[in-house]
1. Given (1) surrounded by 15 or more Cβ atoms within 10 Å (Cβ to Cβ); (2) farther than 30 Å from G153 by Cβ, where does E86 come up short, assuming only one miss?
2. Considering only the range 90-108, state which residues are open to solvent by 50 Å² or more (accessible area, probe 1.4 Å) and among the aliphatic types (A, V, I, L, M).
3. Checking the conditions here, which among G153, G136, G166 is farther than 18 Å from M53 by Cβ, at pLDDT below 95 and surrounded by fewer than 20 Cβ atoms within 10 Å (Cβ to Cβ)?
4. Taking only pairs six or more apart or across chains, which ones have beta-carbon atoms under 6 Å, a first residue in the range 149-162 that is farther than 13 Å from N27 by Cβ, and a second residue that is at pLDDT 95 or above and among the basic types (K, R)?
5. For the range 174-182, state whether one or more residues are touching a helix residue (DSSP H, G or I) at 6+ places or on another chain (Cβ under 8 Å) and closer than 17 Å to F42 by Cβ.
6. Pull up the range 67-96, narrow it to residues that are over 26 Å from G31 (Cα atoms) and aliphatic (A, V, I, L, M), then point me to the one that is modelled with the lowest pLDDT.
7. Since L64 meets every condition but one in (1) under 20 Å from R21 (Cα atoms); (2) surrounded by fewer than 16 Cβ atoms within 10 Å (Cβ to Cβ); (3) modelled with pLDDT of 90 or more, which condition does it not meet?
8. Within the range 169-191, track down each residue that is in contact (Cβ under 8 Å) with a residue 12 or more places away in the chain and open to solvent by 30 Å² or more (accessible area, probe 1.4 Å).
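The values are calculated or read from the model by the stated rules, or taken from the named source; none is laboratory data. Keep in mind the model is a prediction, meaning the values are calculated, not measured. Glycine also receives a Cβ, built like all others from the backbone with ideal geometry; neighbour counts cover every protein chain displayed. These area figures cover heavy atoms from the full protein model, side chains too; ligands, DNA and RNA do not enter into them. Shrake-Rupley method; radii C 1.70, N 1.55, O 1.52, S 1.80 Å.
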Amino acid sequence: MALLKRLRYWSYLAGSGDIARRYFVVNGFDGALTMLGLITGFHFSGTEDLKLMLSGCVGAAVALGISGISSAYLSESAEQRRALTELEEAMVSDLSNSEHANAAKTLPVLVAMANGLAPMLLSILIISPLWLAQAGVPLPLQPLLLSILLALGSIFFLGAFLGSVGGTSWLVSGVKTLLIAGITLGLILLI
């Protein structure tokens, strides 16, 4: 419990809580749309090779996760170091052993994990019907169609979450993100 309190305090000091939430949603949205694009492409290409589909989707999920973790860590570390340096200059003192320094070291890792794990976890959820089908588990719908529905559901959930965070209608926000997914599907089909 003390660790959780300390993390909340560091998040307050560094202002990283809101950043981690935004990163989670933004990169989660990227992951869901990427999987939607891949699965839709596979669906309309007529391929039935589950191993090929899983390889492509897992490769994209891993790349999104690593990209999210590394880019967020590098950028957030730089921002936290800059903020700590500015605070040290303003206070004319060394803060290397302070709670501010601890926050500047720890929070970039947490923000990076939120940024990288969001697309990986959502991607795994979305492609889970492909794994289940490959394992011989009977599904109520075709695995690609079920994956498309999971992608659309994930996208709606992220939009609804944003609506509730922003104090607006979760339903309207969820529908807006579904419209973006619909435009994405339309462009994929057009191309």
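1. That leaves (1) as the condition not met.
2. A90, M91, V92, listed by residue number.
3. Working: G153 fails: at pLDDT below 95; G136 fails: farther than 18 Å from M53 by Cβ.
Testing whether each residue is farther than 18 Å from M53 by Cβ, at pLDDT below 95 and surrounded by fewer than 20 Cβ atoms within 10 Å (Cβ to Cβ) leaves just G166.
4. G159/K176
5. The first filter runs over the range 174-182 and keeps only residues touching a helix residue (DSSP H, G or I) at 6+ places or on another chain (Cβ under 8 Å), leaving 174-178, 180-181.
Next, from what is left, pick out any that are closer than 17 Å to F42 by Cβ: 181.
So far as the range 174-182 goes, yes, one or more of its residues are touching a helix residue (DSSP H, G or I) at 6+ places or on another chain (Cβ under 8 Å) and closer than 17 Å to F42 by Cβ.
6. Top of the filtered list is L95.
7. For L64, the exception is condition (2).
8. Once the filter is applied, which keeps residues that are in contact (Cβ under 8 Å) with a residue 12 or more places away in the chain and open to solvent by 30 Å² or more (accessible area, probe 1.4 Å), the range 169-191 yields V175, K176, L178, I180, T184, L185, I188, L189.
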